[in-house]
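Structure record follows, encoded as structure tokens.
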Amino acid sequence: MLKVENVKKAFGPVTVLDGVNLTVNPGEVVSILGSSGSGKSTLIRCINGLEKLNAGKITVDDFDVSKPKELAEARKRSGTVFQLFNLYPHMTALQNITLAPIEVLKRPKAEAEAEGRALLTQVGLGDRADAYPAQLSGGQRQRVGICRALAMKPRYLLLDEVTSALDPEMTSEVLDILAKLAKDGTTMVFVTHEIEFARQISNRIVFLEKGVLLVDLPTEKFFAADGGLAQPRVAQFLSKMR
Ligand code: ADP
Ligand code: MG
């Protein structure tokens, strides 16, 4: 579904992604761990076609994000939620959710709204459809952000530290929703600092270090002494995070 092949990305003289390979198959939940500055967000931005690659290739269902003609198809398949709540402040929760289905997918407004309301209900916000972002808590805004991504019926979700700006209570509100989505078989690529949560919901964990994908292992193996923990950098990272 998602294929990242030997991707290199540099900003000026600084190499940020150095030959990254990653494959995500339907139904998988893959968590990306790594220290701050290791290149996680850049990788997500590359997958979304927001950064020009210096080398390598990224495809979503065989659509190449580097080709302008294929990027729109690739993007339609990826639903992204970012760390900072990037909802439109002048639109209600429901309007934020229905904008792209109506404008991009050309869905009839009434249909898009009915689906948007159903999504809001799923994340416990059925009664906040008409609230503006400023009237919502951080956790509620992120849940709206997840609904907005899901409204496009993406093949998979890309989540970049969606809880890192939230306090613990709001974090668990959002993680509960993600756990539910994972259980329902939603494919997800999950950049996170929530290691215990990643351990619970992921099929696989990859570890990025200074732009190099050091480890890509099934979750159980990642946390095993003879698996991920055998990598000193992984062991060090995990001991610091707990
Ligand atoms: P992470 O998400 O893992 O914290 P990022 O992908 O945000 O890491 O950043 C990786 C590195 O790339 C950092 O050193 C960061 O300063 C650098 N970087 C990211 N975006 C840019 C940019 N637009 N211009 C220059 N450097 C950037
Ligand atoms: Mg980041």
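Odds and ends about this structure:
- Selection status of K76, away from ligand 2 (no atom under 16 Å from the Cβ) and surrounded by fewer than 17 Cβ atoms within 10 Å (Cβ to Cβ): no
- Qualifying residue in region 60-67 (condition: under 17 Å from E5 (Cβ atoms), β-branched (V, I, T) and surrounded by 19 or more Cβ atoms within 10 Å (Cβ to Cβ)): yes
- Matching residues, region 5-19, being without any contact (Cβ under 8 Å) to a residue 12 or more places away in the chain, within 16 Å of ligand 2 (Cβ to nearest atom) and either in a loop (DSSP other than H, G, I, E, B) or closer than 16 Å to N48 by Cα (or both): none
- Criterion: buried (at least 22 other Cβ atoms within 10 Å of the Cβ), within 16 Å of ligand 1 (Cβ to nearest atom), touching a residue at least 40 places away in the same chain (Cβ under 8 Å) and under 15 Å from the mean Cα position of the chain (by Cα) - qualifying residue of L43, L84, L22, L2: L43
- Selected residue (only one of T98, T163 is of a type in the set (S, T, Y), buried (at least 20 other Cβ atoms within 10 Å of the Cβ) and within 16 Å of ligand 2 (Cβ to nearest atom)): T163
- Members of region 102-123 found to be in contact (Cβ under 8 Å) with a residue 12 or more places away in the chain, part of a loop (DSSP other than H, G, I, E, B) and either in contact with a helix residue (DSSP H, G or I) (Cβ under 7 Å, 6 or more places away or on another chain) or crowded, with 18+ Cβ neighbours inside 10 Å (or both), listed by number: V123
So that you can scan it fast, the table gives a plain yes or no per residue for (1) surrounded by 16 or more Cβ atoms within 10 Å (Cβ to Cβ); (2) out of contact with any strand residue (DSSP E or B) (no Cβ under 6 Å at 6 or more places or on another chain):
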site	(1), (2)
R148	yes, yes
K180	no, yes
F190	yes, no
L213	yes, no
D226	no, yes
Q231	yes, no
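- Residue check for D184: among the acidic types (D, E), surrounded by fewer than 19 Cβ atoms within 10 Å (Cβ to Cβ) and within 27 Å of F63 (Cβ to Cβ): yes
- Any hit, region 174-182, residues being free of Cβ contacts under 8 Å to residues at least 24 places away in the same chain and in contact with an Asp or Glu (Cβ under 7 Å, 6 or more places away or on another chain): yes
- For region 49-86, a residue qualifies if it is acidic (D, E), assigned to a loop (DSSP other than H, G, I, E, B) and touching a Ser or Thr at 6+ places or on another chain (Cβ under 9 Å), and exactly one does: E51.
- Filtering region 90-100 to residues that are at pLDDT 95 or above and either assigned to a helix (DSSP H, G or I) or not polar (S, T, N, Q) (or both) leaves H90, M91, A93, L94, Q95, N96, I97, T98, L99.
The values are calculated or read from the model by the stated rules, or taken from the named source; none is laboratory data. What you see is a predicted model; the values in this text were computed from it and never measured. As a convention, Cβ positions derive from the backbone with ideal geometry for all residues, glycine included, and neighbour counts pool all protein chains shown.
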